[in-house]
1. Which of these, B:C18, B:C247, B:C131, has the largest mean-square fluctuation under a Gaussian network model of chain B (Cα springs below 10 Å)?
2. Specify the angular offset, from 0 to 90 degrees and rounded to the nearest 10, of the alpha carbon long axis of helix B:87-106 from the longest principal axis of the alpha carbons in chain B.
3. What share of the DSSP beta bridges in the stretch B:4-82 is antiparallel, in percent to the nearest 5?
4. Step through the residues of the stretch B:187-204 one at a time and calculate ³J(HN,Hα) from phi using the Karplus curve (6.51 cos²θ - 1.76 cosθ + 1.60, θ = phi - 60°), rounding each to whole Hz and writing x for Gly and Pro.
5. May I ask for the angle, rounded to the nearest 10°, between helix B:29-39 and the longest principal axis of chain B, with both axes built from Cα atoms and the value confined to 0 to 90°?
6. Before we go on, tell me the buried accessible area for the A/B pair, both chains summed, 1.4 Å probe, in Å² to the nearest 100.
7. Report A:E130's accessible area, 1.4 Å probe, all protein chains in place, as a number in Å² to the nearest 10.
8. Could you give the size of the charge dipole of the stretch B:4-82 about its Cα centre, using +1 on the Cβ of each K and R and -1 on the Cβ of each D and E, expressed in debye and rounded to the nearest 20?
Amino acid sequence: MSAAAPGTSKAAHGEAGPKKKKGPGALATAYLVIYNVVMTAGWLVIAVGLVRAYLARGSYHGLYYSIEKPLKFVLWAAENSFFPYLTVFSVLSPNSGIVPSSVVLTGFQVMSRVFLTWAVTHSVREVQSEDSVLLFVTAWTITEIIRYSFYTFSLLNHLPYLIKWARYTFFIVLYPMGVTGELLTIYAALPYVQKTGLYSVTLPNKYNFSFDYYTFLILVMVSYIPLFPQLYFHMIRQRKKVLGHTEDYSKIE
Amino acid sequence: MKHYEVEILDAKTKDKLCFLDKVEPNATIGEIKSMFHKSHPQWYPARQSIRLDPKGKSLKDEDVLQQLPVGTTATFYFRDLGAQISWVTVFLTEYTGPLVIYLLFYFRVPFIYTPKYDFTTSKHWVVHLACMCHSFHYVKRLLETLFVHRFSHGTMPLRNIFKNCTYYWGFAAWMAYYINHPLYTPPIYGEQQIRLALIVFLFCQIGNFSIHIALRNLRPPGRFVTLWLFFLPQLGSWLGFTLMTQCLPVAFFTLVGFIQMTVWAKGKHRSYLKEFRDYPPLRSPILPFVL
């Protein structure tokens, strides 16, 4: 899923990753700034990689290979800083008031992207040249560059309105674009999974267990139906709250 | 005898919902709830949460009016807990499901396995043993619910029944599918493994049962110890069953159950500690209560 929304209320003050009522200390702020700058840079590398490969090849066919490594890196970074991050702020500072919904949503988003990248695209070589891969990678890249720069600027208390606007507006197109790319990619992988029995376990075996990855992928696709609208409309509500307030302030002036 | 006046306000909107005059000083919250129910029939007592503070803890049904920190005109706040269902109903439903569902798979009812296996029985004796153990476990739980358990809260929110039944029934179906499958593979270490598993299982079943009987009549002093006394035999029974069937879904069920019990125990422990902390201030004669 391409755009999840950490943070709910008090969004007018901007966000800094998971929302905290009391501001983070100096050390925590430094860590967060470095983290968000690194993540912004990582996704920028992917964006540059995509553009350069397109210019070199003259077509957008098979651009996955040019950004495969940086993509895996940023997801690894998100995975491995997210969970210690979560532990640090929820366990060590239980009064920091992390909003549970934002944490769940972000964690879910990280996991779903890792799944799409590793368990589908990386695992099924035949889909790597599909255009649908480019579709979701592009959507993720633009979204994440905006999102991580948003966090970086917020932490430095110098958030340009443009970034805030972009963050809460671009998703309107990028989110469905990313979801389409993801679904098409999974769908493209299905025949190969069925043919090769990838990640599947059949009976009989000594653990008396079976798993059909093909059916699992179909269930994953079906799960988009209840999940996507919820996440999408959550972002739309966020947009009204965040961008709505600023309109009010300008009216007062 | 001086009578009290009781007004009940909505905890969120602060609207006056009910006014009771000439309330006996020794009236309990439970009785007040019944009186409130008369004027608002849609809120039966089980779904009423009456508290002294809009954001405070619910008062207990046994609390007596004149022992609460209220003046002769008492103000209470009401919150609707939503549709409630009795614990007994939930337990009976969530335990009957697995019992029946497992048997459906055991007897290989049509539409589960390939048609040629319909209504056949497994050639492995461990499968019959497993069915007996699984059924015994749930029959025991049903009987305990009916005759042994004393529940501290009568009800729980209605949505819990759907959540709990999905969990129990879902896992029962998942396990039963593999154990009773025509392609089921019996335990590698054969009879030795099955015998050991059965001993563990029975030992824990008996242990669990005796603990239930013993604690029925006692109010245990060591709460955390009690919680673990319940969990260990449960865990042990399912470990035994896992060993007996050598089935990965059973192992998953055991693991998930263990995690749940740990989380639940920690939550209970924390709430007991909190209760202990909150308790003294209410009884403190130093704090003035002005209403």
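The values are calculated or read from the model by the stated rules, or taken from the named source; none is laboratory data. Quick caveat: nothing in here was measured; it's all calculated off a predicted structure. Heads up, the Cβs are rebuilt from the backbone with ideal geometry, glycines too, and the neighbour counts pull from every protein chain shown. Calculation scope for accessible area: heavy atoms of the full protein, side chains included, ligands and nucleic acids excluded. Shrake-Rupley method; radii C 1.70, N 1.55, O 1.52, S 1.80 Å.
1. Ranking B:C18, B:C247, B:C131 by mean-square fluctuation puts B:C18 first.
2. 10 degrees
3. 60 percent
4. Along the stretch B:187-204, the couplings run x, 5, 8, x, 4, 4, 5, 5, 5, 4, 4, 5, 4, 4, 4, 5, 4, 6 Hz.
5. It works out to around 80 degrees.
6. Between A and B, the summed buried area is about 900 Å².
7. About 80 Å², rounded to the nearest 10.
8. Dipole size: approximately 320 debye.
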